[in-house]
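The values are calculated or read from the model by the stated rules, or taken from the named source; none is laboratory data. Source: prediction; values computed, not measured. Heads up, the Cβs are rebuilt from the backbone with ideal geometry, glycines too, and the neighbour counts pull from every protein chain shown. The protein model used for the area step is the full one, side chains on, heavy atoms only, and it has no ligands, DNA or RNA in it. Shrake-Rupley method; radii C 1.70, N 1.55, O 1.52, S 1.80 Å.
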Amino acid sequence: MTTPAPGDDPASRLIFALDVPDGEAARRWVDLLRQEVGLFKVGLQLFAAEGPRLLERLARDLPGRIFLDLKFHDIPATVAGAAGLLCDGVRFTTVHCDQGPKGLRSTVAAIAGRAAVLGVTVLTSAGPEDLLAVGIAPEYAADPARLVVLRAQLAQAAGCQGVVCAAPEARVVKAACGPDFLVVCPGIRPAGPRQAGDDQRRIMSPSQAMRAGADYLVVGRPIRGAADPAAAARSIVADMARGLASGE
Ligand code: C5P
């Protein structure tokens with residue numbers, strides 16, 4: 001499939017993470033933020049609560065604006081079976097890069113162009129000691145950007161349209177994979193105090209991330225936990241615009 005190019009409007013590049021407990025909460029967030037953000041991300045929590053019917057409803061209501069983030073990771077036949085069922089009307093979906101080239105290729109084939117497939121490189125919550133603990137070679141564990149680039153290249157070779165990575169790695173991924181290979185970054189934190197219990201590690205502000213070359217930003221808690229979430233989303237978009245203006 002051809003890669004969907006990001007729009008010029010920074011709001012269209014902001015993805016809101018619908019990490020909420022049920023469909024009713026999801027509906028309230030969609031109503032509140034549909035004019036403020038470009039896409040809505042359905043992840044494990046909401047999918048576990050509501051399953052594919054809610055996904056279908058959201059995809060109908062918000063055509064081209066749904067990101068299904070289930071981070072597929074299993075043997076190729078199982079991933080292909082599930083991915084093949086779920087991606088109608090979805091703009092982006094995710095597959096874990098660490099299942100290797102065969103799994104990536106079979107997922108891309110199962111989705112068959114219905115959604116752009118993004119490879120999840122290294123979770124933005126992981127730090128060097130987490131990577132070492134799961135057996136990643138020390139030279140990659142000490143330098144997550146090196147592992148991210150290796151996995152981005154695997155994803156590209158397998159036919160993925162882009163990757164999910166932390167913003168500090170956006171620049172090296174663009175340099176390795178080219179400007180059209182999409183870079184989608186979670187772990188975005190506006191300047192100011194962090195919320196208690198925040199698990200994100202490899203973080204950047206919206207303007208820093210856009211300057212580093214991110215095409216889309218994924219933001220959840222900094223909007224969901226704000227006193228005025230719509231205003232928080234607008235302020236993130238304004239910061240993205242500053243980053244875009246100074247980075248081009
Ligand atoms: O609340 P917060 O802004 O940390 O939300 C980030 C979102 O991005 C979560 O839904 C999380 O599942 C997702 N994500 C991530 N790191 C990745 C891939 C996806 O944080 N590597």
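Conditions: (1) within 16 Å of the ligand (Cβ to nearest atom); (2) free of Cβ contacts under 8 Å to residues at least 24 places away in the same chain. A175 meets all but one. Number of the miss?
Answer for A175: the failing condition is (1).
Just the residues that are in a loop (DSSP other than H, G, I, E, B) and of a type in the set (A, V, I, L, M, F, W, C), please, taken from region 46-103.
Answer for region 46-103, where residues must be in a loop (DSSP other than H, G, I, E, B) and of a type in the set (A, V, I, L, M, F, W, C): L62, I75, C87, V90.
Would you confirm, using the coordinates I've provided, whether G51 is free of Cβ contacts under 8 Å to residues at least 24 places away in the same chain, within 26 Å of A25 (Cα to Cα) and either away from the ligand (no atom under 16 Å from the Cβ) or over 17 Å from the mean Cα position of the chain (by Cα) (or both)?
Criteria met by G51.
Kindly check whether there is at least one residue in region 66-77 that is in contact (Cβ under 8 Å) with a residue 24 or more places away in the chain, buried (at least 20 other Cβ atoms within 10 Å of the Cβ) and out of contact with any helix residue (DSSP H, G or I) (no Cβ under 9 Å at 6 or more places or on another chain).
yes
Of (1) under 22 Å from V95 (Cβ atoms); (2) within 13 Å of the ligand (Cβ to nearest atom), R189 satisfies all except one. Which?
Looking at each condition in turn, R189 falls short on (1).
Of the residues D61, D19, which is among the acidic types (D, E) and either closer than 22 Å to A232 by Cβ or in contact with a strand residue (DSSP E or B) (Cβ under 9 Å, 6 or more places away or on another chain) (or both)?
D19 is the lone residue from the list that is among the acidic types (D, E) and either closer than 22 Å to A232 by Cβ or in contact with a strand residue (DSSP E or B) (Cβ under 9 Å, 6 or more places away or on another chain) (or both).
Report yes if G213 is within 10 Å of the ligand (Cβ to nearest atom) and free of Cβ contacts under 8 Å to residues at least 60 places away in the same chain, otherwise no. Spell out how you get there, then give the answer.
Working: within 10 Å of the ligand (Cβ to nearest atom): no; free of Cβ contacts under 8 Å to residues at least 60 places away in the same chain: yes.
Against the criterion (within 10 Å of the ligand (Cβ to nearest atom) and free of Cβ contacts under 8 Å to residues at least 60 places away in the same chain), G213 does not qualify.
Among (1) open to solvent by less than 10 Å² (accessible area, probe 1.4 Å); (2) outside any helix (DSSP H, G or I); (3) within 20 Å of R34 (Cβ to Cβ), there is one condition V218 misses while meeting the rest; what is its number?
For V218, the failing item is (1).
Of a type in the set (D, E, K, R), closer than 22 Å to C97 by Cα and either in contact with a Leu (Cβ under 9 Å, 6 or more places away or on another chain) or within 16 Å of the ligand (Cβ to nearest atom) (or both): is that true of D69 in this structure?
Considered against the rule, which asks whether it is of a type in the set (D, E, K, R), closer than 22 Å to C97 by Cα and either in contact with a Leu (Cβ under 9 Å, 6 or more places away or on another chain) or within 16 Å of the ligand (Cβ to nearest atom) (or both), D69 comes out as yes.
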